[in-house]
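Notes follow the structure.
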Amino acid sequence: MTKDERDQLIIRYFKDEMSPSEREQFEEEVQANSELKEEVDLFRNLNLAFFEIEKEKFKNHHLKALKYSLQAGNSFRSGFKVVFSIIAASLLLIAVTWSLFISKDIDKEDIYFAHFEPYPNVEYPITRGSNDLKMEAFSRYEMQDYKNAIHLFEKLSELQSERLHSYYFYSGISYMGLSDFKTALLKFEWVLEFDTKKYKEPALWYKSLCLLKLEENERSKLILKEIVDKESEFAEKAASMLRMIEEKEKIQNK
């Protein structure tokens with residue numbers, strides 16, 4: 001059996017596309033073949049890690065949607081309508097991503113997609129009645145209007161240099177949203193050099209994601225290990241991403 005044929009069997013097994021007799025025969029072969037068993041275990045670990053990440057992102061996303069809907073003055077009824085629409089879209093997204101994840105063509109971009117989500121606005125909560133440049137910048141950011149958000153963050157950087165680290169950080173996330181990972185990386189590196197408190201750990205996490213997208217995988221893995229060792233707020237995500245990268249590399253190198 002060639003490697004491609006073995007991969008296809010494993011994929012069919014996890015997609016539940018085997019007949020009962022085929023499944024029984026495959027499971028017997030897994031038990032008898034230690035190399036095949038190792039590959040099946042690697043696929044299983046990758047899939048479990050992926051679903052844990054998506055479950056957490058799914059929960060956080062629709063709760064955040066309800067919060068912002070209520071902050072905007074909507075009723076609980078309309079707020080939950082927003083949540084339910086996001087739930088439907090999210091379930092579709094998870095299903096599509098799952099089909100990518102178990103295919104043999106998965107690459108590090110899929111791992112990035114499973115881990116990336118924009119950092120929440122903890123700098124300037126949007127409230128009704130607020131109307132200033134900072135409110136407009138973070139409103140654009142929360143709406144994922146990243147192009148205009150970047151323009152406003154640049155203006156704020158010129159006017160309020162004492163908050164430069166926060167504007168550079170959220171500009172970095174915005175550049176990631178526009179797939180400009182080189183510029184995003186520069187922003188995070190600036191934050192890591194000059195900010196010693198609030199955004200240092202988040203900047204390190206997003207830097208590792210940028211490096212992954214820029215195909216600087218070894219540098220990304222070094223940062224992920226640093227995050228895990230520090231036991232920061234991103235340690236669990238970093239450990240999961242590192243495990244997925246390394247296990248996928250094992251599969252590819254077989």
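The values are calculated or read from the model by the stated rules, or taken from the named source; none is laboratory data. None of the values given here were measured: they were computed from a predicted structure. Backbone-built Cβ (ideal geometry, glycine too); neighbour counts: all protein chains shown.
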Among (1) farther than 26 Å from Ser166 by Cα; (2) surrounded by fewer than 20 Cβ atoms within 10 Å (Cβ to Cβ), the one test that Glu226 misses: (1)
Looking for whichever is within 19 Å of Thr183 (Cα to Cα), among the acidic types (Asp, Glu) and modelled with pLDDT of 90 or more here; the options are Glu158, Glu142, Glu136. Which one fits? Glu158
Looking at this structure, is Ser157 part of a helix (DSSP H, G or I), over 20 Å from the mean Cα position of the chain (by Cα) and in contact (Cβ under 8 Å) with a residue 40 or more places away in the chain? no
Within the range 227-246, the residues that are farther than 13 Å from Tyr206 by Cα and without any contact (Cβ under 8 Å) to a residue 24 or more places away in the chain are Val228, Asp229, Glu231, Glu236, Ala239, Leu242
I'd like to know if the range 208-222 contains one or more residues that are at pLDDT below 95, within 18 Å of Glu123 (Cβ to Cβ), out of contact with any Asp or Glu (no Cβ under 8 Å at 6 or more places or on another chain) and not in a helix (DSSP H, G or I). no
Pairs where the first residue, in the range 182-198, is under 15 Å from Arg219 (Cα atoms) and the second is among the basic types (Lys, Arg) and at pLDDT 95 or above, C-beta under 6 Å, 6+ apart: Phe188/Lys207
Of those in the range 30-40 that are over 15 Å from Gln8 (Cα atoms) and not polar (S, T, N, Q), the residue modelled with the highest pLDDT is Ala32
Could you tell me whether the range 185-200 includes any residue that is part of a helix (DSSP H, G or I), touching a Phe, Trp or Tyr at 6+ places or on another chain (Cβ under 6 Å) and of a type in the set (Lys, Arg)? yes
Could you pull out the residue among Ser174, Ser179 that is loosely packed, with under 15 Cβ neighbours inside 10 Å and not basic (Lys, Arg)? Ser179
Looking at the structure I just gave you, is Val122 under 18 Å from Leu204 (Cβ atoms), of a type in the set (A, V, I, L, M) and part of a loop (DSSP other than H, G, I, E, B)? yes
Looking at the range 192-201, can you tell me whether even one residue there is modelled with pLDDT of 90 or more, out of contact with any helix residue (DSSP H, G or I) (no Cβ under 7 Å at 6 or more places or on another chain) and within 28 Å of Glu162 (Cβ to Cβ)? yes
Residue satisfying all of: in the range 195-208; out of contact with any Leu (no Cβ under 8 Å at 6 or more places or on another chain) and of a type outside the set (Val, Ile, Thr); surrounded by the fewest Cβ atoms within 10 Å (Cβ to Cβ) among these: Lys197
